[in-house]
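So the structure is just underneath, and the comments pick up after that.
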There are 4 protein chains.
Amino acid sequence: MYKAIRKRTFEILEPGHNGDLTSKIVDLFIMLLIVLNVVAVVFETVPEVQSRFGPYLHAFDLFSVGVFTVEYLLRIWSCTADEHYRHPVTGRLRFMVRPMVLIDLLAILPFYLPKLFPMDMREVRVLRLFRLLRIFKLGRYSTALQLLGRILYNKKEELAVGLVVMLILLVFASSSMYYVEREAQPEAFSSIPAAMWWSVVTLTTVGYGDVSPVTPLGKLLGAFVALIGVGTFALPTAILANGFMQEIDRRHKDCGQPRCPHCGGPIGRRKSDYKTYQYASKAS
Amino acid sequence: MYKAIRKRTFEILEPGHNGDLTSKIVDLFIMLLIVLNVVAVVFETVPEVQSRFGPYLHAFDLFSVGVFTVEYLLRIWSCTADEHYRHPVTGRLRFMVRPMVLIDLLAILPFYLPKLFPMDMREVRVLRLFRLLRIFKLGRYSTALQLLGRILYNKKEELAVGLVVMLILLVFASSSMYYVEREAQPEAFSSIPAAMWWSVVTLTTVGYGDVSPVTPLGKLLGAFVALIGVGTFALPTAILANGFMQEIDRRHKDCGQPRCPHCGGPIGRRKSDYKTYQYASKAS
Amino acid sequence: MYKAIRKRTFEILEPGHNGDLTSKIVDLFIMLLIVLNVVAVVFETVPEVQSRFGPYLHAFDLFSVGVFTVEYLLRIWSCTADEHYRHPVTGRLRFMVRPMVLIDLLAILPFYLPKLFPMDMREVRVLRLFRLLRIFKLGRYSTALQLLGRILYNKKEELAVGLVVMLILLVFASSSMYYVEREAQPEAFSSIPAAMWWSVVTLTTVGYGDVSPVTPLGKLLGAFVALIGVGTFALPTAILANGFMQEIDRRHKDCGQPRCPHCGGPIGRRKSDYKTYQYASKAS
Amino acid sequence: MYKAIRKRTFEILEPGHNGDLTSKIVDLFIMLLIVLNVVAVVFETVPEVQSRFGPYLHAFDLFSVGVFTVEYLLRIWSCTADEHYRHPVTGRLRFMVRPMVLIDLLAILPFYLPKLFPMDMREVRVLRLFRLLRIFKLGRYSTALQLLGRILYNKKEELAVGLVVMLILLVFASSSMYYVEREAQPEAFSSIPAAMWWSVVTLTTVGYGDVSPVTPLGKLLGAFVALIGVGTFALPTAILANGFMQEIDRRHKDCGQPRCPHCGGPIGRRKSDYKTYQYASKAS
């Protein structure tokens, strides 16, 4: 009986499979609470909202922390229902260091820490920012976040290569601009790290305009850096977009129909295509 | 006889098929009127144009509303010629709630509303903006608008994923920048929603320069956000471009020739390619 | 004899084929002259250059016009050597209206026009800008310009669709921003056409910062426009890039080896690939 | 014995193959030293760092130059162990002009030059910038830099075409803007080369905002240039991204499995795909 309740609790707390209505409802409730928490953290920084709805927002925060604490404790308690975490002590400890479970802890810790350790106002304020980490609790349910994680993992090599190229370009652009513009703008180009702010703003094409070369040589160099660099800095974008498309294609693969052996895309999505394929094959 | 006129009216008002010259001419006339209406709405806001051509523009608006009203009424009257909307009352009502027909109503409503309900000048002025909705009447004829609609529909999942990732990044960039720059720039970073303006301007690489980090830590964070975020914010662009290419390819499919089973593109567009294909097939 | 000279003149003036050294040298000379002309036009606007090298630049311009005039007259004289333009009068006239030959005329006309018709200084100055049209004479030799022309031609439908979508977005972004920001910034948003400057600067992500929304509602709308619009405005870029890649691939086709029937790319560029292909074919 | 030491020295200095632990450790040490050198050059320009850690940084520079000098001399001495550079004089000379070995020399030369030739402070300061060239010593070990080099080499034709198109657009945009805005902004648009700064900033979408058109005609032209040009200036980005993807794909080819004959990508990465491929082949 005790075991059955624990197992059911575990099932309900994990993302619900089709048909398990209770679990689905609990998932939806938790997700809604997370989203509302993020909205609350964002809008309570607006003075008008704070002065008018402050007490309600505080009550909502208390309520959220309560729910998330109960959720966390129930998870820890019921995890032994899973074969992998059977052992009441070591199993639970291994369960507690799983990334998603650590995030569950981080989501409630900012509330309890100031109660446990004396803190000044500044530290407490920074801690409130950490309430935003609750957004990562969505990772358990959100396919978007999981997708992003998988893309970053799959493309880690390519992204690393792109990053190295970008870093080298950044160092050279900043150093040469520092030597060229230092005398004309001793403030903005006081050092190479300071010049890096110009480089990043230029190479990402953000271009605030708070720093820009003023000497003819600086403008020549700046134009050169912009022309060369913009292409290089778009590499990570291209890698991410490519990875995204590949992942989306991979998603579509569970439809059972024959698939293109080259790109992994479904063959015969449109009937006419499939026929063409058969026709082309027979022709040989 | 009455039925024949009604049927012909319906045919003429619907986008004309090849060969139906009268319908084509009416289509072209309506399209021209829509485009001229948009041009008029845009340019009547220029004081010099208003003072010089004001009366003519007003007359043109009256004429347009008249034409569009007649068009709308004729559509409603003649729609019973279509099998789907046969019933004189319920059929017409079902026809009236079709998106394109609702747009036809919205295109003339801004003219009649102030006549029906008393309104102050401000409300009337905003209503005039709604005259721009006439542009969507083009959707009946414009393949470009239909194409865009289909792309957005086909890629809705991918776009939703991209949007979630962007929103999360936006919340984190804004929140951390708010905590870092708040003291140095209490005006521009007065709250997290205010900091979101900086985030959007930076992450889309627009970079007006009205708000930008000034503290060293803020610049470090800003550089980091720009480097990380620019790639992520380009995802929807990549999705749209990808969907656009796929739709364009799909368009080309009505040429009867064998098609590539992998990508849906036409095989043998160039003769040499087709030969190669046969050669490759025979070789097996 | 006369015919032979005329034929040889025509051959030499047309872009030279492999082996015809004289024609190649003449081509190179003309190309160099064109490039130097563009450089001269660009740099003679620098006051220091004008005051120091003015007379030399003027002499160089006279020399260039002389050469280009002789080239133009020789072309017209010798074109009857081509079968298509055999007739001494109608053939020559048909030759003269060919785009590349018209450009040859436009390249020298700015020099002769002020001699033929009295002009004030302002008009003469604008005419000097037209000397830059000489750059298009390069089109006869430059594969880059020919490539760009072919891409624009091949992708004209797609680009038109992209343009329509962009125009509609532009009209809506400008109109709504005009209604929202007009009161706060009566100068920058004085009319919808004025607001279009903001729209273009934002949607292309240039973002000078000379105009940007200041009201909260304007910022919300601006953020929305930036997020939505940036993706749409990148469509032409994607179309151009796609067309560019396709044309480059098509270029590589003259290598005689079997080619991929799907994408037109060369098969077997690397030996291992080719083997795989044969292996895959045999397996069937 | 002497030969064996020389051969072993050569092996150790060259990038280590799997299993040669000593060579790997030396590689890692040199790489770490290079990275630390770059970090030192960048941060010693910060006044606070210079005043606090100046002597240590100087000592570190002396140490680095020492190591790199010893490395360089050992390389020159031991290179005769390689069959290609067997000859003690001509072989060594041929070895010394290899790009990577020239970079090794350039990495230490900025230190020795002022000792050999008298120089004023300004020249010495510029020479210090050249210490950054040490970063290219990484090219011997870094696959990222080698990859970038190979992409630039493979795509040199396409990049050249893109560059020509960009240059022509740049000349036209700058010239027309110069003629239009010269009177309103005689400073920023004083000459066509000056106007090129605006063109580059606009066409790369950096958009600092230090120069932007102010006349209505200038804004119209600027909007036109931005709309047309942004797509063109993204071509090199697309070429680079395309080359990057191709190189990454090529990398994955050493896995021994059959490969797609069309795109060079691995077939059968997922088992289901491979089966489909066989099925499709058999069907013929």
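Over 31 Å apart at the Cα level, from the set B:Lys24/C:Lys137; B:Lys115/B:Lys155; A:Lys7/B:Lys156; C:Lys155/D:Lys219; B:Lys24/B:Lys156, are B:Lys24/C:Lys137; B:Lys115/B:Lys155; A:Lys7/B:Lys156; B:Lys24/B:Lys156. Taking max minus min of the alpha-carbon positions on each principal axis, chain C gives extents of 81, 79, 41 Å, largest first.
Residue of chain A with the smallest Cβ distance to the axis mapping A onto C, distance rounded to whole Å: A:Gly209, 3. Within the full protein context, the accessible area of B:Glu157 is estimated at about 130 Å² for a probe radius of 1.4 Å. In percent, rounded to a whole number, the relative contact order of the range C:44-192 is 13, using alpha-carbon pairs under 8 Å and six or more apart. Compared with its chain on its own, the range A:38-60 contains the following residues whose accessible area drops by 20 Å² or more in the full protein assembly (probe 1.4 Å; ligands, DNA and RNA excluded): A:Val42, A:Thr45, A:Val46. Within the range C:66-169, the proportion of Cα pairs with more than 19 Å between them is 61 percent.
Below 15 angstrom from the Cβ of D:Pro213, what's the summed charge of the other residues (Lys, Arg +1; Asp, Glu -1)?
Working: positive: D:Arg182, D:Lys219; negative: C:Asp210, D:Glu181, D:Glu183, D:Glu187, D:Asp210.
Computed value for this residue: -3.
For the range A:11-131, the C-alpha radius of gyration sits at 1.23 times the compact-globule guess of 2.2 N^0.38 Å, with N the residue count. Am I reading the A/B interface right? What is its buried accessible area, both sides, 1.4 Å probe, to the nearest 100 Å²? Approximately 4300 Å² gets buried when A meets B. Using a 7 Å projection from Cα along Cα-to-Cβ, the label point at D:Leu167 is separated from the same position in the remaining copies by 3.5, 3.5, 4.9 nm, smallest value first. With K and R counted +1 and D and E -1, the other residues having a Cβ less than 11 Å from that of A:Asp104 yield a net charge of +4. In terms of overall dimensions, the range B:31-80 has a Cα radius of gyration and Dmax of 13.6, 47 angstrom. With its label point put 7 Å out from Cα toward Cβ, D:Leu28 sits 5.5, 5.5, 7.7 nm from the same residue's point in the other copies, in order from shortest.
Volume per residue of the convex hull around the Cα atoms, evaluated for the protein assembly as shown, comes out as 292 Å³. Remark: label point of B:Gly54 defined 7 Å out from Cα along the Cα-Cβ vector; separations to the same position in other copies 5.2, 5.2, 7.3 nm, ascending.
Rolling a 1.4 angstrom probe over the protein assembly as shown with all protein chains present gives an accessible area of which 68% lies on carbon and sulfur atoms. Largest accessible area first, the listed residues D:Leu106, C:Leu167, D:Leu221 line up as C:Leu167, D:Leu106, D:Leu221 when surface is computed with a 1.4 Å probe on the assembled protein chains.
Counting only other residues whose beta carbon sits under 15 Å from that of A:Val49, what net charge do I get with K and R as +1, D and E as -1?
Around A:Val49, the surrounding residues sum to -1.
Take the convex hull of the alpha carbons in the range A:156-232; its mean projected area over all directions comes to 4.7 nm². For chain C, the solvent-accessible area with a 1.4 angstrom probe is 51 square angstrom per residue. Across chain D, the mean sequence separation of Cα contacts (distance under 8 Å, 6 or more residues apart), normalised by length, yields a relative contact order of 12 percent. Mean-square fluctuation check for chain C, GNM, Cα pairs under 10 Å: which of C:Thr215, C:Thr80, C:Thr69 is largest? Fluctuation is largest for C:Thr215.
The values are calculated or read from the model by the stated rules, or taken from the named source; none is laboratory data. Since the model is a prediction, treat every value here as computed from it, not as a measurement. Positions of Cβ are generated from backbone atoms using ideal geometry, with glycine treated the same way; all protein chains shown enter the neighbour counts. We work out accessible area using only protein heavy atoms, side chains counted, and drop any ligands, DNA or RNA first. Shrake-Rupley method; radii C 1.70, N 1.55, O 1.52, S 1.80 Å.
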